[in-house]
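Written out below as structure tokens is the structure these notes cover.
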Amino acid sequence: HFARRTLAVAIGGLAATTLSLQVQAATEVTLGHTLSDSSHYSVGADAFKETLERLSDGEFTVNEHPSGSLGGERAMIEGLQIGTVDVVITSTGPLGNFVPETYVLDLPFLFEDYDQARCVLDGEIGEELLTKMSDHNLVGLAWSENGFRHMTNSLREINTPEDAEGLKVRTMENRVHQEAFRQMGASPTPMAFPELFTALQQGTVDGQENPITVIVATNFWEVQDHLSLTGHVYSPAAILGSPILLDGLSDEEREWFNQAAQASAEATREEVSRLEEEGVALLREKGMTVKTDVDPAPFQEAVEPAYEIYTDEYGSEMLDRIRSSD
Ligand code: PAF
């Protein structure tokens, strides 16, 4: 009888120890993005990890999953909603399918330069859009950056919209972008990013459009000969969280996530600026022809109907506020 009691006490003690170990165990945060581990998104993911782990004193550990290993951006956003991913760094490409209020940011030639875009996203408008995410089962943590998008292709140099006529261009899964390319006379083919390299290699599409940062980080020079600095749209990135993890946190814990996202956005923007300067030379070295002095005016004129289509559906209030925000 005594031996049985001693055993019961010992087991009870063990269970309590296991329980207290479980309580103390760090919460693992799964962070996903689509770009390589040498990209501006990875610089941002590293900053997120370092900041969250430091602020929380190890209460949270961050596992980074780069290179689309958790799927394309649309799939990862779905993952946030069902709690299979905790934090995602994503362009706004597929985000409008979930949060239509963000489509305004995808309008071509909306922002004139990096300063204006960053200022709008860091101000009242950006904050409002981040808050909107919670109406769609997502948590908006911060605005980070992808960069101004430029066209690459394997057929010819692009100087005017006429040169884009009939070109099969992969676009993001974004209605506003698809419409803009249709207006330019190209044939837009929406596709998730992880499928793009092979599609370019096999000639399923002739071209694609992305910022210098992405063209460099994805070795697109191996499958594309021409780059034209069209700068046709600024591409923000959003750092999003899963409500399944974040809604259960204390205010203090939530603040650590906010600060980690802020640090991530800052580090990413710095890397984008650095690569904007060095990237073109690198791509030339790799054998791409780079057309730097593209006149934006005819492109801007060609995509004008995309604005009408947008305002017919979503109104012009947000657009007007952004336009008057310089
Ligand atoms: O082209 C895209 O889908 C996006 O720009 C990318 C490369 C996934 C970065 O967010």
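Could you name the lysines in cross-link range of LYS168, using Cα to Cα under 22 Å and dropping any fewer than eight places away on the same chain? Answer for LYS168, where 22 Å is the Cα cut-off: LYS291, listed by chain and number.
Accessible area of LEU196 (1.4 Å probe, protein heavy atoms only, ligands and nucleic acids ignored): about 0 Å². Taking other residues whose beta carbon is less than 12 angstrom from the beta carbon of THR171, and scoring Lys, Arg as +1 and Asp, Glu as -1, yields +1.
The figure for SER144 is an accessible area of roughly 0 square angstrom, using a 1.4 Å probe on the protein chains alone. Where both bridge residues fall in the chain, DSSP classifies roughly 55% of the beta bridges as antiparallel. Taking Cα centre as origin and charging only the Cβ of basic (Lys, Arg, +1) and acidic (Asp, Glu, -1) residues, the dipole magnitude of the range 174-230 rounds to 180 debye.
Here the range 271-326 and the range 74-95 have alpha carbon centers that stand 24 Å from each other.
Suppose we look only past 16 Å in the calculated P(r) of the range 50-97. What percent of the Cα-Cα pairs does that tail hold? When all Cα pairs of the range 50-97 are counted, 46 percent exceed 16 Å. Heavy atoms of the protein chains alone define the surface here; on that basis the range 71-138 has 36 Å² accessible area per residue at 1.4 Å probe size. Dipole size of the chain about its Cα centre, with +1 on Lys/Arg Cβ and -1 on Asp/Glu Cβ: approximately 1380 debye, rounded to the nearest 20. Counted over the range 81-229, the DSSP beta bridges are approximately 55% antiparallel. Nonpolar atom fraction for the range 111-224, defined as the carbon and sulfur part of the 1.4 Å probe accessible area, stands at 44 percent.
Expressed in units of 2.2 N^0.38 Å, where N is the residue count, the Cα radius of gyration of the chain is 1.14. Compared with the rule-of-thumb size 2.2 N^0.38 Å for a compact globular protein, the range 180-326 has a Cα radius of gyration ratio of 1.30.
Projecting the Cα positions of SER324, ALA302, THR289 onto the charge dipole of the chain (unit charges on Cβ atoms of Lys, Arg, Asp and Glu, taken about the Cα centre) puts THR289 furthest along the positive direction.
The values are calculated or read from the model by the stated rules, or taken from the named source; none is laboratory data. Because the structure is a prediction, the values reported are computed rather than measured. Virtual Cβ from ideal backbone geometry, glycine too; neighbours counted across all protein chains shown. Remember, those area values only see protein heavy atoms, side chains included, never the ligands or the DNA or RNA. Shrake-Rupley method; radii C 1.70, N 1.55, O 1.52, S 1.80 Å.
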